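**Q** Let me give you the structure first, and then I'll get to my questions.
The values are calculated or read from the model by the stated rules, or taken from the named source; none is laboratory data. Please read all numbers here as calculations on a predicted model, not as lab measurements. Here the Cβ is made from the backbone with ideal geometry for all residues, glycine too, and neighbour counts use every protein chain on show. Side chains included, ligands, DNA and RNA excluded: accessible areas come from the protein's heavy atoms. Shrake-Rupley method; radii C 1.70, N 1.55, O 1.52, S 1.80 Å.
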Amino acid sequence: MGFLSRIRRLVSGQTQLVGGVQVFAPLSGDIVSIETVPDVVFSEKIVGDGVAIAPKGELVLAPIDGTIGKIFETNHAFSIESSQGLELFVHVGVGTVELRGNGFRRLAEEGQKVKVGDPILAFDLDYLQAHVDCLLTPVVLANMEDIQHLDKAQGGVTAGKDVIFTVQL
């Protein structure tokens with residue numbers, strides 16, 4: 001665990017976690033390797049490590065209990081922080097920022113406390129498929145310096161129900 005996370009836990013009175021923190025699928029689909037995302041920011045893990053999901057469905061749900069940090073103005077991506085200090089970033093598709101919000105609808109607000117499975121964004125899958133080349137949706141941990149180990153799942157997942165990775169702090 002990183003120095004800042006240790007300080008944050010001490011100040012907040014949190015106890016050391018035993019076991020891992022489960023991160024749930026924010027959308028339904030098939031898990032693919034983060035390295036296959038055709039954007040170097042994700043494939044080379046510049047933002048952080050995690051997985052990508054080839055989406056099926058039209059909702060993006062909270063992958064952890066936490067607080068919404070930033071929802072991009074174009075509603076294609078958001079960050080969320082858990083009480084344990086995990087900082088997650090969810091980015092729907094590659095090139096979706098150029099759509100300027102078309103095909104997306106915000107369902108939550110910045111600063112809102114959410115539980116696993118609460119809706120954050122809605123998207124029009126057919127519209128996005130017609131306008132961008134890749135809908136792979138990276139779900140990454142932005143604060144990898146605080147992580148000891150990341151155990152990634154594989155296969156198909158259902159939003160809000162299946163674990164996509166377990167984090168050891």
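**Q** Can you give the angle from 0 to 90° between the axis of helix 3-12 and the longest principal axis of the chain, with both taken from C-alpha atoms, to the nearest 10?
**A** Orientation of helix 3-12: about 70 degrees from the principal axis.
**Q** Then there is this: Which order do peptides 110-116, 85-91 fall in by mean Cβ count within 10 Å, highest first?
**A** The densest-packed peptide leads the list: 85-91, 110-116.
**Q** Let me ask you something else. Estimate the FRET efficiency between Tyr127 and Ser83 by the formula 1/(1 + (r/R0)^6), using the beta-carbon distance for r and 35 Å for R0, to the nearest 0.05.
**A** 0.50
**Q** In the stretch 109-149, whose amide N lies under 20 Å from the spot 7 Å out along Cα-to-Cβ of Asn102? List them in ranges.
**A** Within reach of a label on Asn102: 122-136.
**Q** Also: Dipole of the stretch 13-83 (Lys/Arg Cβ +1, Asp/Glu Cβ -1, origin at the Cα centre): which of Ala25, Ala52, Asn75 lies farthest to the positive side?
**A** Ala25
**Q** Collect residues whose amide H, placed 1.01 Å from N in the peptide plane, falls under 5 Å from the amide H of Val51; neighbours closer than 5 in sequence don't count.
**A** Val139
**Q** Dimensions of the stretch 13-169 along principal axes (Cα, Å, largest first)?
**A** Principal extents (Cα only, largest first): 47, 31, 26 Å.
**Q** If you don't mind, there's one more thing I want to ask. With charges set only on the Cβ (+1 for Lys and Arg, -1 for Asp and Glu), what does the dipole of the stretch 31-78 come to about its Cα centre, in debye to the nearest 20?
**A** Using only the charged Cβ atoms, the result is roughly 80 debye.
**Q** So if I place +1 on the C-beta of Lys and Arg and -1 on the C-beta of Asp and Glu, and nothing else carries charge, what would the dipole magnitude of the chain be about its Cα centre? I want it in debye, nearest 20.
**A** Here the chain has a charge dipole of around 500 debye.
**Q** Another question, then. Could you give the dipole magnitude of the stretch 37-134 about its Cα centre, charging the beta-carbon of Lys and Arg +1 and that of Asp and Glu -1, in debye to the nearest 20?
**A** About 180 debye.
**Q** For the chain, which whole percent of the accessible surface, found with a 1.4 angstrom probe, sits on carbon and sulfur atoms?
**A** The C+S portion of the solvent-accessible surface of the chain is 51 percent.
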